[in-house]
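Comments concern the structure below.
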Amino acid sequence: MKIFLDTANLEEIKEAISWGVINGVTTNPSIIAREKNVDYYKQIEEICKIVDGPVHAMVTSRDLDKMVEQARKLRNIAPNVVIKIPLTFNGLKAIKILKSEGITTNATVVYSATQALLAVNAGASYVSPFYGRIEDLDYENVIKDIVNIFKNYNYQAEILTASVRLPIHLKKAALAGADIATVPLNVLRQIIMHPSSDIALTEFLNDWEKGCNVDAISN
Ligand code: G3P
């Protein structure tokens, strides 16, 4: 399963790249706005310079012409930019137009398997079910349903689980068979810093310091 980082913060991206665990980056307008006083296009360009993989950037309008125009502008930044298009009537139209121009899209704010089905028919290369928000609404099995529908019809679009807020969301997305999960840095940190791993390591290092003389061994 591929793991993307859900952030527009350059330091966070560099940190996660150094751990060797991420394959791409996703952003959205809220995430970009958190970076305070950055130029949207410049920030995506900076992210593309350091990420060796897809960088997902979302359009910021509901209007069809504006979405398509912005998608073209974002795609011109770098070939690895994927355009996130919201799942709306105009969004589906935009996905169809952009597909005909060879521009890769990710259908975002997906809350149901049938929305994912329409997105992939329109030409989306990725669909993004919002797992945490879906769970808030008490829906069940959306990711598993999308996986099964895509398998039934041999759809090649990738299922990118977004709104991952807890380590268990990543586990459930992986168990359901999602292709990708995009995860915030704080969730990756929680996964790595397991308290039991730290207790076990502390025990080993304490025993080693008490019982062994490294200099004596190397002599
Ligand atoms: O990628 C979409 C994601 O950032 C939304 O996450 O936690 O705001 O639902 P959240």
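The values are calculated or read from the model by the stated rules, or taken from the named source; none is laboratory data. A quick note: this is a predicted structure, and the numbers were derived from the prediction, not measured. Heads up, the Cβs are rebuilt from the backbone with ideal geometry, glycines too, and the neighbour counts pull from every protein chain shown.
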What number of residues within region 2-42 are in contact (Cβ under 8 Å) with a residue 40 or more places away in the chain, out of contact with any Pro (no Cβ under 9 Å at 6 or more places or on another chain), within 16 Å of the ligand (Cβ to nearest atom) and assigned to a helix (DSSP H, G or I)?
-> 1
Any idea which of (1) modelled with pLDDT under 95; (2) within 14 Å of the ligand (Cβ to nearest atom) is the one ALA57 doesn't satisfy?
-> (1)
How about region 55-80: which of its residues are of a type in the set (A, V, I, L, M, F, W, C) and assigned to a strand (DSSP E or B)?
-> VAL55, ALA57, MET58
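Every residue in region 83-111 that is part of a strand (DSSP E or B) and either surrounded by 24 or more Cβ atoms within 10 Å (Cβ to Cβ) or at pLDDT below 95 (or both), please.
Our first condition is that a residue be part of a strand (DSSP E or B); within region 83-111, this holds for 83-86, 105-110.
If the condition is that a residue be part of a strand (DSSP E or B) and either surrounded by 24 or more Cβ atoms within 10 Å (Cβ to Cβ) or at pLDDT below 95 (or both), then ILE83, LYS84, ILE85, THR105, ASN106, ALA107, THR108, VAL110 are the ones that fit.
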Inside region 86-125, can you point out the residues that are within 16 Å of the ligand (Cβ to nearest atom), touching a helix residue (DSSP H, G or I) at 6+ places or on another chain (Cβ under 6 Å) and either more than 22 Å from TYR153 (Cα to Cα) or among the polar types (S, T, N, Q) (or both)?
-> THR105
Reported set for region 43-54 where residues are within 16 Å of the ligand (Cβ to nearest atom) and outside any helix (DSSP H, G or I) is VAL51, GLY53, PRO54
Of ILE146, ILE134, the only residue that is in a helix (DSSP H, G or I), within 18 Å of the chain's Cα centre (by Cα) and modelled with pLDDT under 95 is ILE134
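Of all residues in region 125-145, which are closer than 25 Å to VAL21 by Cα and in contact with a strand residue (DSSP E or B) (Cβ under 9 Å, 6 or more places away or on another chain)? Lay out the reasoning, then the answer.
Residues of region 125-145 closer than 25 Å to VAL21 by Cα: 125-133, 143-144.
SER125, TYR126, VAL127, SER128, PRO129, PHE130, TYR131, GLY132, ARG133, ILE143 - these are the residues of region 125-145 that are closer than 25 Å to VAL21 by Cα and in contact with a strand residue (DSSP E or B) (Cβ under 9 Å, 6 or more places away or on another chain).
For residues that are assigned to a strand (DSSP E or B) and within 13 Å of the ligand (Cβ to nearest atom), scanning just region 156-171, find the one that is nearest to ALA122 (Cα to Cα). I'd like the intermediate steps shown before the answer.
Step one: filter region 156-171 for residues assigned to a strand (DSSP E or B), giving 158-162.
Imposing the further condition that a residue be within 13 Å of the ligand (Cβ to nearest atom) reduces the set to 160-162.
On the way: LEU160: 17, THR161: 19, ALA162: 20 Å.
Applying the filter and picking the extreme gives LEU160.
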How many residues of region 126-155 are polar (S, T, N, Q), within 28 Å of ASN80 (Cβ to Cβ) and away from the ligand (no atom under 16 Å from the Cβ)? The answer is 1
